[in-house]
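Asker: Here it is: the structure, laid out below.
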Amino acid sequence: MAQKKKNKVDSALLSEIVVKGMQEKKAEDIVVIDLRAVPNAITDFFVICSVNSDSQADAVENSVEAEVYKTLNMDPIFKEGKENKEWILVDYFDVVVHVFRKSRREFFKLEKLWGDGVIKEIPNLI
């Protein structure tokens, strides 16, 4: 008997929804890194943003989760960093969300580390 395929969410669509959630709370310097063509990549997309405060970090993370749940009825499989709010990671398996305090983002330089991917910069909302 043929096995049923699990409905898989389009990772590009998921990354767009994540960006929308970030923009709702005025996250800055949003970058989407498409890793689908990178050999041995751990995910399809990284979506990265910067925030200016602990409260904005919380707000962005909550907004992303709410937007993804509202649109796709999907919860993250893993998240960490909510305690220190310097780097909050929200993992949707095919899309990994990074909410950084600016100093931490400069230190880790994920865009450089994963520079083999296609990097798309999202303009800041005014």
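The values are calculated or read from the model by the stated rules, or taken from the named source; none is laboratory data. It should be emphasised that the depicted structure is a prediction, and the values quoted were computed from it without experimental measurement. Cβ: placed from backbone, ideal geometry, glycine included. Neighbour counts: every protein chain shown.
Asker: Restricting to segment 73-98, count the residues that are in a strand (DSSP E or B) and touching a Pro at 6+ places or on another chain (Cβ under 6 Å). Full working, then the answer.
Answerer: Within segment 73-98, the first condition is being in a strand (DSSP E or B), and the residues that meet it are 78-80, 87-91, 95-98.
Subset that is touching a Pro at 6+ places or on another chain (Cβ under 6 Å): 90-91.
The number of residues fulfilling the criteria is 2.
Asker: Right, something else. Among residues belonging to segment 38-50 that are touching a strand residue (DSSP E or B) at 6+ places or on another chain (Cβ under 6 Å) and over 16 Å from D94 (Cβ atoms), point out the one that is surrounded by the fewest Cβ atoms within 10 Å (Cβ to Cβ). First the steps, then the outcome.
Answerer: Here is the first cut: in segment 38-50, the ones touching a strand residue (DSSP E or B) at 6+ places or on another chain (Cβ under 6 Å) are 43, 45-50.
Subset that is over 16 Å from D94 (Cβ atoms): 49-50.
Details: C49: 29, S50: 23.
Among those that are touching a strand residue (DSSP E or B) at 6+ places or on another chain (Cβ under 6 Å) and over 16 Å from D94 (Cβ atoms), it is S50.
Asker: Return the pairs, sorted by first residue and then second, in which the second residue is assigned to a loop (DSSP other than H, G, I, E, B) and of a type outside the set (A, V, I, L, M), the first residue lies in segment 46-68 and is within 17 Å of L14 (Cβ to Cβ), the beta carbons are less than 6 Å apart, and the residues are 6+ apart or on different chains.
Answerer: Hits for this filter: V60/K25; S63/K25.
Asker: Which residues, taken from segment 14-44, are among the acidic types (D, E), closer than 13 Å to V96 by Cβ and outside any loop (DSSP other than H, G, I, E, B)? It would help to see each step written out before you state the result.
Answerer: We begin by selecting, within segment 14-44, every residue among the acidic types (D, E); these are 16, 24, 28-29, 34, 44.
With closer than 13 Å to V96 by Cβ added as a condition, the list becomes 34, 44.
Answer for segment 14-44, where residues must be among the acidic types (D, E), closer than 13 Å to V96 by Cβ and outside any loop (DSSP other than H, G, I, E, B): just D34.
Asker: Something else now. Check V96, V51, V68, V90 and return the single one that is out of contact with any Cys (no Cβ under 6 Å at 6 or more places or on another chain) and within 15 Å of E28 (Cα to Cα).
Answerer: On the way: V96 fails: within 15 Å of E28 (Cα to Cα); V68 fails: within 15 Å of E28 (Cα to Cα); V90 fails: within 15 Å of E28 (Cα to Cα).
Exactly one residue qualifies, and that residue is V51.
Asker: Something else about it: Considering only segment 45-52, I want to know if a residue exists there that is assigned to a helix (DSSP H, G or I) and closer than 16 Å to I17 by Cα.
Answerer: Filtering segment 45-52 down to residues assigned to a helix (DSSP H, G or I) leaves none.
There is no residue in segment 45-52 that is assigned to a helix (DSSP H, G or I) and closer than 16 Å to I17 by Cα.
Yes/no matrix, rows are residues, columns are (1) surrounded by 14 or more Cβ atoms within 10 Å (Cβ to Cβ); (2) among the aromatic types (F, W, Y); (3) part of a helix (DSSP H, G or I); (4) more than 11 Å from the chain's Cα centre (by Cα):
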site: T71; (1), (2), (3), (4): yes, no, yes, yes
site: F100; (1), (2), (3), (4): yes, yes, no, no
site: R105; (1), (2), (3), (4): yes, no, yes, yes
site: K112; (1), (2), (3), (4): no, no, yes, yes
site: D116; (1), (2), (3), (4): no, no, no, yes
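Asker: How about segment 51-61: which of its residues are surrounded by 15 or more Cβ atoms within 10 Å (Cβ to Cβ) and not β-branched (V, I, T)? Break it down into steps so the answer makes sense when it comes.
Answerer: From segment 51-61, those surrounded by 15 or more Cβ atoms within 10 Å (Cβ to Cβ) are 51, 56-61; that's our starting set.
Once the filter is applied, which keeps residues that are surrounded by 15 or more Cβ atoms within 10 Å (Cβ to Cβ) and not β-branched (V, I, T), segment 51-61 yields Q56, A57, D58, A59, E61.
Asker: Test K82 against the criterion of being at pLDDT below 95, farther than 22 Å from L13 by Cβ and exposed (fewer than 14 other Cβ atoms within 10 Å of the Cβ), and give yes or no. Reasoning before the result, please.
Answerer: On the way: at pLDDT below 95: yes; farther than 22 Å from L13 by Cβ: yes; exposed (fewer than 14 other Cβ atoms within 10 Å of the Cβ): no.
Spelling it out, it is not the case that K82 is at pLDDT below 95, farther than 22 Å from L13 by Cβ and exposed (fewer than 14 other Cβ atoms within 10 Å of the Cβ).
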